[in-house]
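The values are calculated or read from the model by the stated rules, or taken from the named source; none is laboratory data. Keep in mind that what you see is a predicted model, and the values were worked out from it rather than measured. No Cβ is skipped: glycine too gets one built from the backbone with ideal geometry, and neighbour counts run over all protein chains shown. All accessible areas refer to the heavy atoms of the entire protein, side chains included, with ligands and DNA or RNA removed. Shrake-Rupley method; radii C 1.70, N 1.55, O 1.52, S 1.80 Å.
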Amino acid sequence: MRKLSNIFWLGTKELRSFLHDVVLLSLVIYSFSLAIIAQAQSSSQEVHNASIAIVDEDQSNLSRSVRHAFLLPYFQMPQLIAESDIVPLMNAGRYTFVIDIPPRFEADILAGRQPEIQLNVDATAMVQAGLGSSYAQQIISNTITAFLSRVDKAPSPPVGLIVRIAFNPNAETGWFTSVMGIINSITMLAIILAGAAIVREREHGTLDHLLVMPLTPFEIAMSKIWANGFIIIAAAGLSLYVVVKGVLHVPVAGSIPLFLLGVAAYLFFATAIGIFLGTVARSMPQLGLLYLLVYLPLAMLSGSNTPLESMPPWLATILQISPTVHFVSFAQAILYRGAGFDVVWPEFLIVAVIGGVFLALGLWRFRSMTAAAAM
């Protein structure tokens, strides 16, 4: 009981130190609020409000139907321009898409000929260009098909394709990036806060004070783990309820408490990494450099940006030893697909076991450092 009491009261000291550290406090608030909103709203992978112009050399009912088929929010209201203005306006970045409808377009369609429509795309806007050109082709094809159906010349499609998108019916990027932003922030801040707690003690000389007290290295390290873990769990929970569900209006399919339980298991790994780096680094700048070397591979290869199935098989196999991969997997299963504990418990167990191994390594390193400092 005495050890638990020491760990608890040392943890409250960590909480007070954190609340008085304006930089770290601001980082946590920003990472779970404004950063999530900015990531969800600015990194859209859909066509939205794309600028478009049309050169109508046919001036027919069909060409006008094509022009009126491009609607908000995907495209701006199409502007009519002359053919000679295509190159100057696109060079000036005025339009992302310019459609050139040739003369006698409607007559050629009705005669069964295959006239060509020129679609000019400014590919410097890469996402808009790639998806927008596909959208434009579908819009034009659907408009022509609807026009021909009114004159009984529409060919019947050989297959009727019905698409049903689960969990994100409109395929909105913000529904994905907001939750993934929280997951990445959990890993980032767990490493930074735990590592900064160790480095701060060494820089201020308070670690020596702790070592002369009747405390063990295990008690000191565990107090930092639970205190920083509590901060991250509380911030992640508030971010899901207030920012994701409240501000961004992203529906969360599963149980947030179950997700936070998984976060608690994962934090044993992430905070252990932070403690290990804190024992290696001699200053905050060194901790920042070491953090980049560890966090970037963990985040990029976690499956939050690119699915493991898209990676080389040998790399996907090696990554199974990373708790971050399993953390992202059960987080997506809970928050996106509404999975229960009966589905995600194997990954909970894997994260807990691997996290325990890394925690033992971090505690061993911290004990070695304190032993060397006590000499």
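Under a Cβ-Cβ cut-off of 14 Å, what is the net charge of the residues other than Leu335 that fall near it, where Lys and Arg count +1 and Asp and Glu count -1?
So the environment of Leu335 carries a net charge of +1.
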Residue (of Thr271, Val23, Ile183) at the positive-pole extreme of the chain, dipole from beta-carbon charges: Thr271
Just for the chain, what percent of DSSP beta bridges are antiparallel, to the closest 5? 35 percent
Report the charge-dipole magnitude of segment 52-150 in Debye, nearest 20, computed about the Cα centre from +1 at each Lys and Arg Cβ and -1 at each Asp and Glu Cβ. 300 debye
If amide H atoms are built 1.01 Å from N in the plane of the peptide, which residues on other chains or at least 5 residues away come under 5 Å of the amide H of Phe75? Asn49, Ala50
So the carbon and sulfur contribution to the accessible area of the chain, 1.4 Å probe, in percent, is 65 percent
Ignoring ligands, DNA and RNA, what accessible area per residue does segment 176-281 give at 1.4 Å, in Å²? 32 Å²
I'd like the orientation of helix 284-300 relative to the chain: the angle between its Cα long axis and the longest Cα principal axis, in ° from 0 to 90, rounded to 10. 50 degrees
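Could you give the dipole magnitude of the chain about its Cα centre, charging the beta-carbon of Lys and Arg +1 and that of Asp and Glu -1, in debye to the nearest 20?
In total the dipole reaches around 1400 debye.
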Given a 1.4 Å probe, how much area per residue of segment 52-150 is accessible, in Å²? 56 Å²
May I ask you to list the trypsin sites (Lys or Arg not before Pro) in segment 62-144 that are in a DSSP loop and have at most 16 other Cβ atoms within 10 Å of their Cβ? Arg94, Arg104, Arg113
Quick one: among Val23, Val199, Val294, which has the greatest mean-square fluctuation in a GNM of the chain with alpha-carbon springs under 10 angstrom? Val23
Tell me which label goes with the value of percent of Cα pairs over 27 Å apart computed from the coordinates here: (1) 52; (2) 47; (3) 60. (3)
